[in-house]
Structures are given as structure tokens and as C-alpha cells.
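Let me begin by presenting the structure, written as C-alpha cells, before commenting on it.
Values quoted throughout were computed directly from the atomic coordinates according to the rules given, and no laboratory measurement underlies them. In this text the structure is predicted, and so the values were computed from the model without any measurement. Please note: Cβ atoms are built from the backbone with ideal geometry, for glycine as well, and neighbour counts cover all protein chains shown.
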Amino acid sequence: MHEPTYEELTDSIVRAANWEGLKVRMKDGIPYIVERDGAALTPPVAMRFTPDTLQEYYRKIAEDALRGRPESPWEWWMDLMSTHLGEAMYDLDRVGGPAVITIGKFGFTATPIRAE
């Protein structure tokens with residue numbers, strides 16, 4: 001099984017974000033959600049995870065695809081990306097304050113930023 005690079009995985013996030021009405025820009029290797037349904041997010045919402053964490057997330061989804069799914073691991077990943085981004089945006093609304101998108105137990109999730 002071909003394992004995608006961090007760059008390929010972040011590119012897939014950018015493409016899936018477009019399907020969800022989100023605009024993502026890369027800055028210093030970090031994806032930032034800068035628009036939602038045509039409205040600017042101020043400040044942009046960073047997606048904070050290490051390359052290893054994102055690749056482990058991919059492996060977890062790929063393993064599910066290898067268990068009798070008709071899609072290839074990459075196709076399954078792409079199918080789920082827009083859904084997982086939509087769920088993260090729902091979490092962002094629920095948090096209702098400054099947050100970053102991280103990878104949690106069930107995928108992308110909004111994690112509040114604590115004011116110091």
C-alpha cells in the first residue's frame with residue numbers, strides 16, 4: 001500500500017475543504033481554514049497536528065478501507081475528509097470561541113485555545 005506524504009495528505013485536506021465550502025491556505029506547512037461559505041474567518045483557524053499524527057490518522061482510515069470496503073484506502077480517505085472537516089466545523093461552532101482543529105480520537109475536532 002502506497003503511503004501518502006504529508007504534502008499529499010494536506011493537499012487532500014485542501015481539496016476536501018473546497019467540497020465543504022471551506023477555503024484552506026497553507027502557511028509554513030500548516031493548513032489554515034480562512035473562509036467558510038464565502039465569509040472570512042477572523043482569525044483563520046489553524047489545523048494543528050504533526051506530520052506523524054496526520055499520517056497515523058491516514059493509516060487508521062486506510063486500515064478500515066482494507067476491511068472489505070470496495071474503495072481503495074486513498075478513495076476512502078478522500079470520501080471521509082469532507083465529512084470529517086464538516087464535523088470539525090460543527091465542533092468549532094459548539095466551542096464558540098478561539099480554537100484550532102486537531103486530530104482527536106474520532107478524527108478532526110475543534111480544540112479551544114485557552115487565553116493566558
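Over the chain, what is the relative contact order in whole percent, taking alpha-carbon pairs under 8 Å and six or more residues apart? All intermediate terms of the calculation are to be shown ahead of the outcome.
Details: 153 pairs, mean separation 24.2, N = 116.
Over the chain, the number comes to 21 percent.
Per residue, what volume in Å³ does the convex hull of the Cα atoms of the chain enclose?
105 Å³
How large is the helix-only mean residue ellipticity at 222 nm for the chain, computed as the sum of -39500 (n - 2.57) over DSSP H runs with n ≥ 4, divided by its residue count, in deg cm²/dmol to the nearest 500? Intermediate results must be reported in sequence, preceding the final value.
Working: 3 runs with 52 residues, N = 116.
Mean residue ellipticity, 222 nm, calculated: -15000 deg cm²/dmol.
Using only the Cα atoms of segment 1-65, construct the convex hull and provide its projected area averaged over every direction, in square nanometres to one decimal.
4.7 nm²
Tally Lys and Arg at +1 and Asp and Glu at -1 over the other residues with C-beta under 15 Å from the C-beta of Ser72: what net charge comes out?
Value of the local net charge: -4.
How much length would be gained if the chain were fully extended between Arg48 and Val14, taking 0.36 nm per residue of separation minus their Cα-Cα distance, in nm to one decimal? Mind showing how you got there, number by number?
Values: separation 34, 0.36 × 34 = 12.24 nm, distance 1.44 nm.
Computed gain between Arg48 and Val14 is 10.8 nm.
Taking segment 86-116, which trypsin sites (Lys or Arg not before Pro) meet the DSSP loop condition and have no more than 15 other C-beta atoms within 10 Å?
Listed in order of number, the matching sites are Lys105, Arg114.
Just tell me, in residue order, which DSSP H segments of the chain are both 30 angstrom or longer along the helix axis (alpha-carbon based) and at least -0.5 in mean Kyte-Doolittle hydropathy.
73-95
Just to be sure I understand the model, the point goes 7 Å from the Cα along the line to the Cβ. What's the resulting Glu63 to Lys27 distance in nm?
The answer from the label model is 3.5 nm.
For Ala40 and Glu7, compute 0.36 nm times the residue count separating them, minus their Cα-Cα distance, and round to one decimal in nm.
Answer, rounded to one decimal: 9.4 nm.
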